[in-house]
Amino acid sequence: MTNNQKGILYAIVTAFFWGFLAIFLKIAVQKVAPQTVVWFRFVVAFVMLATWQLITNPSSLKILIKPPKLLVFAALGLSWNYMGYMLGIHYTSPSNAQVVIQTGPVILALSGVLFFKEKIHKLQLIGFVVAAIGFAFFYSQQIKQMIGQQGQYNMGVLFTLSGAVAWAIYAIFQKQLVVSNSSASLNLFLFGLPAFIYIPFVDFAPLAEISWVWWLVLFLLGVNTLIAYSCLALALKYTQANKVSIIIIVNPIITFITMGILTEMNVSWIESEHFSLLSILGAIIVLSGAALVVGKRRRLKEQSTK
């Protein structure tokens, strides 16, 4: 298997786990405060990874003592990405947050143009416009569905957008760091620093009262975090960032389909989604625009060398 194939495979695994993540987060926040859910995700992922590294590669733990400066900024970006996304889901819904968070890859591509002087391609420019139009259309349709809850919906959108910006910051630094550092050692710090930062904001009292089912949900969220971000780091290591981004963009489809099935079943353990056909059309436009932005083709010169 080539490095490119490995990268694509790891990106697919990440997309799969992120597709179900939003749904489990919406379930968890019914019993546990958003900041506690975020903290628990980081703690479980850190403990599991640290235990494994302690057994297989103890020297990798040195990064916790003397991390690269870029890694600190990446960890801060990831810590707010988790919180912004969690609050977005809390105030809106899994599918809503999934659509809005896709602005992250678009912001990442835009930052390359603005700050790193990358050349913008015609398809990318079209993608930016399409994504912006799609987002405006999706927002205008969804706000009509939130009768009496417009303020809450707007708050959720803003939190999710802030999480998308934070993710772009994380991804910029992660792409540079993974070239000279192992993904496992990087993730140790990426999980460890946020777990430490969020301790003062955690409400531990409810954790003593929840049943084993809710403990299982929280544990699975931590496992999801470990697997998804470990695979993401490996994907970025083995293949181009734009390929990784375009594969990850399909993860909202998993969320939409799953939430559609649950809404149709009228289950009691998660709120039903409120979508019109126009809302779904807006979501498709957003994803299409984002795909054009991050899925730019290689230059003809590069293709001719194959």
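Every read-out reported here was derived from the displayed coordinates using simple, explicitly stated rules and does not represent laboratory data. Note that this is a predicted model, so its numbers are computed, not measured. Cβ coordinates were reconstructed from backbone atoms using ideal geometry, including for glycine residues, and neighbour counts include every protein chain displayed.
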### Query
Using unit Cβ charges (K, R positive; D, E negative) and no other charged atoms, how large, in debye to the nearest 20, is the dipole of the chain about its Cα centre?
1440 debye
#### Entry: Selection from A235, A283, A97 lying farthest towards where the dipole of the chain points positive, charges on Cβ
A235
### Query
Normalized C-alpha radius of gyration of the chain, against 2.2 N^0.38 Å?
0.99
### Query
Cβ under 14 Å from L9's Cβ, L9 left aside: what net charge do those residues give with Lys, Arg +1 and Asp, Glu -1?
+3
### Message
Could you tell me the center-to-center distance, by alpha carbons, between the stretch 46-67 and the stretch 71-150 in angstrom?
### Response
33 Å
### Task
Evaluate the distance, in nm, between pseudo-label points positioned 7 Å from the Cα of I257 and of T2 along their respective Cα→Cβ axes.
2.7 nm
### Query
For the stretch 100-243, what is the charge dipole size about the Cα centre, in debye to the nearest 20, if Lys and Arg each add +1 at the Cβ and Asp and Glu each add -1 at the Cβ?
660 debye
### Summary
The exposure ranking of E264, E271, fewest beta-carbon neighbours within 10 Å first, is E264, E271
### Query
Taking K and R as +1 and D and E as -1, what net charge do the other residues with C-beta under 13 Å from the C-beta of A233 add up to?
+3
## Note on the structure
In deg cm²/dmol, rounded to the nearest 500, the helical mean residue ellipticity at 222 nm of the chain, built from -39500 (n - 2.57) for every DSSP H run of length 4 or more, is -26000 deg cm²/dmol
### Query
How much FRET efficiency would the formula 1/(1 + (r/R0)^6) give for S276 and V113, where r is the Cβ-Cβ distance and R0 is 30 Å, rounded to 0.05?
0.30
## Note on the structure
Checked against the positive end of the charge dipole of the chain (+1 on Cβ of Lys and Arg, -1 on Cβ of Asp and Glu, about the Cα centre), the farthest of I126, V217, L49 is I126
### Alpha-carbon gyration tensor eigenvalues x 5, square-rooted, for the stretch 156-280, Å
29, 24, 14
### Of A171, S268, N154, farthest towards positive along the dipole that unit charges on Lys, Arg, Asp, Glu beta carbons give the stretch 3-298
A171
